[in-house]
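As structure tokens, the structure follows; a few thoughts come after it.
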Amino acid sequence: MNNDASWERRTFVALNYAVMALVAVACLLPIVNVLALSLSSSAAAGSGQVKLWPVGFNLKSYEFVLGKPEFGRAFTVSLLRVAVGVPLNMLLTILVAYPLSKERKDFRFRWAYAWYFVTTMLFSGGLIPWYMTIKMTGIIDSFWALILPGAVPVMNVILLLNFFKSLPDEIEEAGLMDGAGRWQALWRIAVPLSAPAIATLTLFCIVNHWNSWFEGLILMNRPEHYPLQSYLQTVIVNRDMSLMSAVDVTKWSMISDRTSRAAQVIVALLPVLFVYPFLQKYFAHGIVMGSVKG
């Protein structure tokens, strides 16, 4: 019986490893293909010769994307957007989610505020009212136009709200009995216990700010104020020749749509790949916590 159980266990583990290996390969192969395209010649990419290894290796696409001073300005704008926008997002998310996670006896009008936020997810005034509202605040063509309109991500509020509600009430009640106030209970009890959820939402905010391009095109009047993704969208995808010099046009003729878009994807992907390993341990910890709580 024990031998049979041991054999079944080993078979189950082996199948798990095999399935996860296939999933990992399925996720990595497209990235490897895009990287190979970005390092290949335009002729090889256009004729479909590139698979998982560069053909006609060159860095012309990267030279075109990275070699302009406008790229450095756009990259700096995106870094500042992440550095300012993510802490603001998380601060407001925590401050909104914590009181909404309480029972009605602790927060009398909780339901009204909760439905107020949920309504913003279900109904939208549309692009024109959104733009006019931002314009009336006077932040059009300024850095804050990239930050303030999305300062409170409602979906993140709901996710963190549910995580706060899953925490044992006895821990916070013990802190309150020892003389802690609500503010101390939030920052010394609820927030440390919610580190996995907060880390996950932080990564969501980083990816959202880094990959967002639409707001830059709509809310910025001058190309020098574009964040990185808006700049790449304009120059690489839409081919706005007004932003290119004669030298840039010459370089553009030496690359193709496929290689330039592949370079764009790789450049945009690298910062997120660097951040994820530092937050991955919180994801694993969150899975363990969920399994223990059942």
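In table form, for the structure just shown:
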{"quantity": "Segment 85-131 shape via C-alpha gyration tensor axes, a/c threshold 1.5", "calculated": "oblate"}
{"quantity": "Selection of trypsin sites (Lys or Arg not before Pro), segment 69-137, meeting DSSP coil and at most 14 other Cβ within 10 Å", "calculated": "R104, K105, R108"}
{"quantity": "Lys/Arg +1, Asp/Glu -1 at C-beta; the chain dipole; positive extreme among L148, F12, A195", "calculated": "L148"}
{"quantity": "Mean separation of Cα contacts under 8 Å (6+ apart) over length of the chain, as relative contact order %", "calculated": "28 percent"}
{"quantity": "Gyration tensor verdict on segment 170-239 (Cα atoms; rounded if a/c is under 1.5, prolate if a/b is larger than b/c, oblate otherwise)", "calculated": "prolate"}
{"quantity": "For peptides 189-196, 176-183, sequence by mean Cβ density within 10 Å, most packed first", "calculated": "189-196, 176-183"}
{"quantity": "Tensor-based shape of the chain (alpha-carbon gyration tensor, a/c under 1.5 rounded, otherwise prolate or oblate)", "calculated": "oblate"}
{"quantity": "Residue-normalised accessible area of the chain, given per residue in Å² at a 1.4 Å probe", "calculated": "60 Å²"}
{"quantity": "At least 15 Å along the helix axis (C-alpha) and Kyte average at least 0.5, DSSP helices within the chain", "calculated": "2-38, 69-100, 127-137, 154-166, 195-211, 257-293"}
{"quantity": "Fraction of accessible area attributable to carbon and sulfur, segment 1-155 (%, probe 1.4 Å)", "calculated": "71 percent"}
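The values are calculated or read from the model by the stated rules, or taken from the named source; none is laboratory data. These numbers come from a predicted model, not from an experiment. We place every Cβ from the backbone using ideal geometry, glycine too, and count neighbours over all the protein chains shown. Calculation scope for accessible area: heavy atoms of the full protein, side chains included, ligands and nucleic acids excluded. Shrake-Rupley method; radii C 1.70, N 1.55, O 1.52, S 1.80 Å.
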